[in-house]
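> The structure's right below; bear with me while I get my questions together.
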Amino acid sequence: MINKLRKKASSLSWKICKGLKPSIEQKLYKESMQRFRKKMMDPEFEWEKYAKEINPYFKQFGYKFSSLESEYYAACTGVKSDLYLPIALYEKLIYPYLNPAQWRVAYCDKNMFPRLFNIKEAQEHIDIRIPEYVTYCDNGRYYLPEDSLCTREESIESILQLKEDVIIKPTIDSWHGRGVVKVSANELTREHLEELFKKYGNNFTVQKVIIQHPYLAAFNPTSVNTIRITTYQDFNGNVKVLYASQRFGGKGKVYDNADDPKGSGGFCPIQPDGTVKREVHRYRNLQTTPLDESVPGIIPCYDKVVAAVKFLHTRFPQFGIIGWDMTVTPDGHPLVIEYNFAPGLGTGQLAHGPMFSKEDLDEIMEHIIKKGKLKYVSKIEATFSDKKQNSAFF
């Protein structure tokens with residue numbers, strides 16, 4: 001009897017609440033405001049005067065977003081526009097539509113990296129290098145380079161024989177430099193490696209330290225200072241560079257995480273000809289600082305870097321948008337450090353301007369609004385059931 005009453009009360013409660021559930025548009029608006037203020041915005045920015053203004057571009061599609069985000073980006077870049085993407089719209093609708101979740105999951109293991117990017121047939125016309133792997137563990141199985149299966153002991157021995165500094169990092173759920181550690185040669189004892197292997201578990205990789213071009217090392221000598229490039233493959237298959245930024249770490253840091261608003265690292269916009277704008281941006285900091293005069297103002301072999309990422313994007317027709325972390329070797333070869341099938345907005349819209357041109361954004365919004373049905377999911381997920389087929393591309 002008690003269970004029946006509970007069931008009836010639960011059903012009645014659900015019926016009462018059903019009519020009060022917020023719409024997708026209301027959820028997106030609320031989340032966008034909260035996430036933007038927490039993740040992107042300088043706490044000193046006077047956001048209240050923009051909060052109630054509605055962005056006219058997205059309003060035409062039925063989405064009422066505050067102009068706060070576009071006004072803040074404009075204050076950072078000097079480029080005033082209604083085309084800046086609200087953070088929740090991008091994370092909940094746009095990139096999940098361009099990059100279907102089922103495909104993203106399949107490529108999340110960074111141990112796939114040497115298998116995907118060791119493209120020998122491309123070497124004649126596209127210059128591509130990848131980090132040099134010492135050993136890696138993939139789902140509890142140990143490998144030497146070229147997918148040569150080995151024992152745990154052989155994996156440890158390969159590192160000991162190297163007698164060089166190495167980088168060890170997780171290959172699942174890794175982002176923002178999480179878990180990346182540089183181990184110096186004098187620390188490489190069998191006991192220490194056993195501890196590290198136990199700590200990193202079943203999915204990690206050990207690489208030789210990347211030696212970058214001296215021009216890039218000038219930004220910060222202790223970190224590999226990555227060229228962050230975001231590419232977009234439109235619905236006709238054309239690959240475009242949306243924007244590129246030069247990231248660099250803070251003093252003494254191994255990785256170039258620029259998320260600390262008060263840190264000594266940051267990122268500078270790279271212009272299409274490879275020159276670096278001499279202004280350092282940081283998250284949650286409206287003010288820029290001048291780039292040190294000792295740092296060169298041009299990215300070496302930038303044309304080769306752009307050619308490499310455009311070619312690599314064509315290898316992944318499932319994805320509309322990809323973020324690339326690149327560097328350049330001392331002898332001038334582009335080297336792919338990492339790929340990201342869920343690239344963020346930060347280093348782009350904070351330093352350059354709107355992510356997409358009006359032509360591209362119009363096309364994307366038309367596909368999402370007119371050809372796709374959104375099923376809202378909590379967290380940063382969204383699934384689509386397309387009227388024609390389950391794909392963003394036709």
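The values are calculated or read from the model by the stated rules, or taken from the named source; none is laboratory data. Keep in mind that this is a model prediction, so the values were computed, not measured. Cβ coordinates were reconstructed from backbone atoms using ideal geometry, including for glycine residues, and neighbour counts include every protein chain displayed. Just so you know, the surface numbers come from the protein's heavy atoms only, side chains and all, with ligands and any DNA or RNA stripped out. Shrake-Rupley method; radii C 1.70, N 1.55, O 1.52, S 1.80 Å.
> Take the residues of the range 310-327 that are assigned to a strand (DSSP E or B) and out of contact with any Phe, Trp or Tyr (no Cβ under 8 Å at 6 or more places or on another chain): which is surrounded by the most Cβ atoms within 10 Å (Cβ to Cβ)?
326
> Hey, another quick one. Being part of a loop (DSSP other than H, G, I, E, B), at pLDDT 90 or above and under 18 Å from the mean Cα position of the chain (by Cα) narrows it down to one of 84, 90, so name that one.
Among 84, 90, only 84 is part of a loop (DSSP other than H, G, I, E, B), at pLDDT 90 or above and under 18 Å from the mean Cα position of the chain (by Cα).
> Here is a follow-up. Inside the range 32-65, can you point out the residues that are closer than 19 Å to residue 358 by Cα, among the polar types (S, T, N, Q) and surrounded by 13 or more Cβ atoms within 10 Å (Cβ to Cβ)?
55
> Is the range 165-178 home to any residue that is open to solvent by 50 Å² or more (accessible area, probe 1.4 Å), within 27 Å of residue 349 (Cα to Cα), under 25 Å from the mean Cα position of the chain (by Cα) and basic (Lys, Arg)?
Within the range 165-178, one or more residues are open to solvent by 50 Å² or more (accessible area, probe 1.4 Å), within 27 Å of residue 349 (Cα to Cα), under 25 Å from the mean Cα position of the chain (by Cα) and basic (Lys, Arg).
> To continue, here is another question. In the range 130-142, what count of residues is obtained for those that are within 24 Å of residue 327 (Cβ to Cβ) and modelled with pLDDT of 95 or more?
Counting residues in the range 130-142 that are within 24 Å of residue 327 (Cβ to Cβ) and modelled with pLDDT of 95 or more gives 3.
> Against the conditions (1) in contact with a Phe, Trp or Tyr (Cβ under 6 Å, 6 or more places away or on another chain); (2) at negative phi; (3) not aromatic (Phe, Trp, Tyr), where does residue 274 fall short? Just the number, please.
For residue 274, the failing item is (2).
> Quick one: residue 266 ticks every box in (1) closer than 30 Å to residue 107 by Cα; (2) at pLDDT 95 or above except a single one, so which number is it?
All conditions are met except number (2).
> Take residue 156 and tell me if it is modelled with pLDDT of 90 or more, closer than 26 Å to residue 248 by Cβ and touching a Ser or Thr at 6+ places or on another chain (Cβ under 9 Å).
Against the criterion (modelled with pLDDT of 90 or more, closer than 26 Å to residue 248 by Cβ and touching a Ser or Thr at 6+ places or on another chain (Cβ under 9 Å)), residue 156 does not qualify.
> Okay, next question. Which residue, of 379, 388, 371, is farther than 22 Å from residue 316 by Cα and either modelled with pLDDT of 50 or more or more than 21 Å from the chain's Cα centre (by Cα) (or both)?
371
> Against the condition assigned to a helix (DSSP H, G or I) and closer than 26 Å to residue 279 by Cβ, how does residue 347 come out, does it pass?
Criteria met by residue 347.
> Output yes when any residue across the range 84-92 is free of Cβ contacts under 8 Å to residues at least 60 places away in the same chain and under 22 Å from residue 281 (Cβ atoms), and no when none is.
yes
> Any chance the range 211-219 includes a residue that's more than 30 Å from residue 349 (Cβ to Cβ) and out of contact with any strand residue (DSSP E or B) (no Cβ under 7 Å at 6 or more places or on another chain)?
Yes, that holds for at least one residue.
> Show the residue pairs meeting these rules: Cβ distance below 6 Å; 6+ apart or different chains; first residue within the range 45-63 and under 15 Å from residue 29 (Cβ atoms); second residue open to solvent by 70 Å² or more (accessible area, probe 1.4 Å) and part of a loop (DSSP other than H, G, I, E, B).
As it stands, the answer is 54/64, since those pairs meet every condition given.
> Then there's this: Which members of the range 47-61 meet the condition of being under 28 Å from the mean Cα position of the chain (by Cα) and part of a loop (DSSP other than H, G, I, E, B)?
Passing the criteria: 47, 55, 61.
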